[in-house]
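Q: Structure provided below as structure tokens; questions to follow.
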Amino acid sequence: AGTMASSKQLLSHSAWIRTVRFSPDASRLVSGGGDQVIIVWTVPEGSILQRIAGHEATVSSTVFLQWPLFSRVPPLVSADYDGRVLLWLPDR
């Protein structure tokens, strides 16, 4: 079996990360966690496209929607440990 090496470290959260997901086309990555912030990253560059604040508890889950109406930039759904579920429309 082959081995895999880390190719990029994405450092920007101020607390531990709880969730990481790729967009349907794998051009974006979203992360969220204990700092109550969601970060949308470019792939493979690892640049921050958007930093989203709005949760008041640890972000526990994130997912990009694969929805034909939003084919250019898919919407994002996030949930936190207080039970809030939020829908986000990324800027770009």
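Bear in mind these aren't lab numbers, they're just calculated from the coordinates by the rules spelled out. Please read all numbers here as calculations on a predicted model, not as lab measurements. Here the Cβ positions follow ideal geometry from the backbone for every residue, glycine too, while neighbour counts run over all protein chains shown.
Q: At V20 and D82, where each label point lies 7 Å from the Cα along Cα→Cβ, what is the point-to-point distance in nanometres?
A: For the pair V20/D82, the computed spacing is 2.7 nm.
Q: Same structure, new question: Find how much the distance from S27 to S12 grows on full extension, using 0.36 nm per residue of separation minus their present alpha carbon separation; answer in nm with one decimal.
A: Taking S27 through S12 to full extension adds about 3.5 nm, to one decimal.
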